[in-house]
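The values are calculated or read from the model by the stated rules, or taken from the named source; none is laboratory data. The shown structure was predicted, so the numbers you read here are calculated from the model rather than taken from an experiment. All Cβ positions, glycine included, derive from the backbone under ideal geometry; neighbour counts span all protein chains shown. Side chains are part of the model used for accessible areas, which takes the heavy atoms of the whole protein and leaves out ligands, DNA and RNA. Shrake-Rupley method; radii C 1.70, N 1.55, O 1.52, S 1.80 Å.
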Amino acid sequence: MKNKFYITTPIYYPSAKLHIGHAYCTTLTDTIARYNRLRGRETFFLTGSDEHGMKIEKNAAAAGKTPQQFVDEIVASFKELWTALDITNDKFIRTTDKEHVITVQKIFTRFLEQGDIYLGHYEGWYCTPCESFWTDIQVGPEHVCPDCGRPVQKAQEEAYFFKTSKYLDRLLKYYDENLKFITPESRKNEMINTFIKPGLEDLCISRTSFKWGVPVKENPKHVIYVWLDALVNYISALGYGQDEDGNFKKFWAEDTEKVHILGADITRFHAIYWPMFLMALDLPLPDREFIHGLLMTKDGKMSKSKGNTINPYPLIEKYGVDAVRYYLVREVSFGSDGQFTPEQFVERINMDLANNVGNLLNRTLSMINKYYNGVIPTYTKGINNPFDGELEAQMEEIIKDYDSLFLDLHPTEAIASVMKLTSRANKYIDETTPWALAKQEDKAPLDACISHLARSLYIAGVLLQPVLTRKAGNLLDQLGVSGDKRTFKDITDENVLNGLSVHKGDQLFPRLDETIEVPYIVSKMEKKD
Ligand code: ME8
């Protein structure tokens, strides 16, 4: 395992407010970043905004604002959302940042000088919302964008092109030698079958039909294609092209695991062109690109035109940040598509947090107060056989599973494994019947039982921290665990809890009864903005 970790989300378009799908991607990425920090890995987590392009220029004009004013306001709302969701990004990159713009221009110049770029003419079908040109075959007889399904327009312009043929063999070799580079693997096969096998064309890499972008220094009537501009954020944010001795040297290094998280809609740019740009810059390629699925509503894909994009704020306000994060991470397996419904939301929180973890905490702390005056007894093993042994084995297995699942980018399954442990511990209460053990003269069986329960809760509390950013800490506070005993390494120490005083507080996860209406982002609000 590489000793450092660099993880990124896509940089989102500030053409409209973010919805729950963006919150999904960023929360999952944050959870993975937090896990890596908990594990003691030096971690850098990047998110940001992709601010150039024709769509932003048009939307700004429609709102009667300059593009810069327009993006400044929307980007402020991105940052508010990330604060509300306890997102711990180490940097927020904006493609309008001066340093980024200079780096993009430097890269373009280098490609020109190296002969990776040439000037030609482009004729094709252009999808404005996706900022993408498509061929006749790709748009089909209906002339719709293969990514978003919206109508495309015929367009022709003088343009610079990037020679993809120069790097294609190396890309395919990298795919073969790095089987986990693009995961799930089906996404890689899709790239090969849809784009590479039919014959990959050179990539059109500049535009002359609008102004809002990074100008080509050598020919300023051109602006640099928004996707080259956008993809470069992953290295410009670390200082590439500016100050390369700091974060760039540290995190775009061979001994750093470099991971991009993205949705399937933008796989092509990340899986094909981004590695080629890096090859042209003579830089190492990312280790992983993890393609997550779409979060949908009952009536299918969320889209502004359908008016069914879900606003995360009312959920955070009503249920709290922990519940929203938990739902996002736990409900839909990372890598698959899923559906948001308020009913499933409430059911998931009740089943896992109220009935499982909350119940275990409540029962255990009540017994520690009742039988031990609030002090956790010393951990003793192998007394209530075979139940102690089974629970001990379960604890060890869960710690191992959780770790390997997180490291392999399966946060949903990692968190599900913690629920397995707390369910097992709840069952252990019924098996060992501590209320009966309390009546015995010999206190050893009760000590063992209660200390096993406390230890299960301790492990669960530590392992839930990456997702439950507030309540996992509250759980550990109630157990009396000090702030310096909450890392992944600490949980292997079986004696941490001996003699700690618990502080039973309010119910950590009260049962939710009511669902709320699906909180759509109201299109009127969008118009007003
Ligand atoms: O494509 N479910 O930005 P974007 C889950 N600027 N995730 C979703 C989602 C949904 N319903 N909708 C969006 C861009 N996403 C470019 C990226 S990167 C160098 C440039 C997430 O604002 C998902 O991760 O359209 C998707 O890939 C991303 O938002 C697209 O965001």
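Data table
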| item | result |
| --- | --- |
| Local electrostatic count at THR380 - Lys and Arg +1, Asp and Glu -1, tallied over other residues with Cβ under 13 Å | -2 |
| Alpha-carbon centroids, the stretch 264-309 and the stretch 396-410: separation in whole Å | 25 Å |
| DSSP bridge pairs, the chain: antiparallel proportion in percent, nearest 5 | 45 percent |
| Distance between modelled label sites at ASP176 and GLN153, nm, 7 Å Cα→Cβ extension | 4.4 nm |
| Rounded if a/c under 1.5, otherwise prolate or oblate - the stretch 172-270, Cα gyration tensor axes | oblate |
| Exposure ranking of LEU28, LEU172 by accessible area [1.4 Å probe, largest first] | LEU172, LEU28 |
| Rel. contact order, % - alpha carbon contacts under 8 angstrom, at least six apart, the stretch 114-179 | 38 percent |
| Only Lys, Arg (+1) and Asp, Glu (-1) charged, at Cβ; the stretch 49-154 dipole about Cα centre in debye | 220 debye |
| Residue-level accessible surface for ARG39, protein heavy atoms, 1.4 Å, Å² | 60 Å² |
| Assigned charges on the beta-carbon of Lys, Arg, Asp, Glu; the stretch 187-275 dipole about Cα centre (debye) | 360 debye |
| Difference of contour (0.36 nm per residue) and Cα-Cα distance, SER303 to GLU113 | 64.2 nm |
| HN-Hα J in Hz across the stretch 104-109 - Karplus 6.51, -1.76, 1.60, θ = phi - 60°, x for Gly and Pro | 4, 5, 4, 5, 4, 4 |
| From phi via Karplus (6.51, -1.76, 1.60), per-residue ³J(HN,Hα) for the stretch 246-262 in Hz, x at Gly/Pro | x, 4, 4, 4, 6, 9, 9, 10, 5, 8, 10, 7, 10, 10, 9, 9, 7 |
| Whole-angstrom gap from the stretch 458-500 to the stretch 415-449, using each part's C-alpha centre | 19 Å |
| Over 30 Å [Cα-Cα, the chain], rounded percent | 54 percent |
| Surface per residue (accessible, 1.4 Å probe) for the stretch 13-153, Å² | 39 Å² |
| Under 27 Å from LYS188, Cα to Cα: lysines that are on another chain or at least 8 residues apart | LYS2, LYS4, LYS163, LYS166, LYS173, LYS180, LYS197, LYS258, LYS301 |
| 5 angstrom amide H check on GLU257, placed H, neighbours 5+ away | LYS4, PHE5, TYR6 |
| Length-normalised contact order for the chain - Cα pairs under 8 Å, 6+ apart - percent | 17 percent |
| 5 angstrom amide H check on THR297, placed H, neighbours 5+ away | MET302, PHE340 |
| Carbon and sulfur %, accessible surface of the chain computed with the full protein complex present, 1.4 Å | 50 percent |
| Per-selection metrics, the stretch 334-378 (Cα): Rg and Dmax in Å | 16.7, 49 |
| Ratio of the Cα radius of gyration of the stretch 1-149 to 2.2 N^0.38 Å, where N counts its residues | 1.26 |
| 3J(HN,Hα) from dihedral phi, the stretch 78-87, Karplus parametrisation 6.51/-1.76/1.60, rounded to Hz, x for glycine, proline | 4, 5, 4, 5, 5, 5, 5, 9, 6, 7 |
| Total charge dipole magnitude, the chain, about the Cα centre, Cβ charges on Lys, Arg, Asp, Glu only, Debye to nearest 20 | 760 debye |
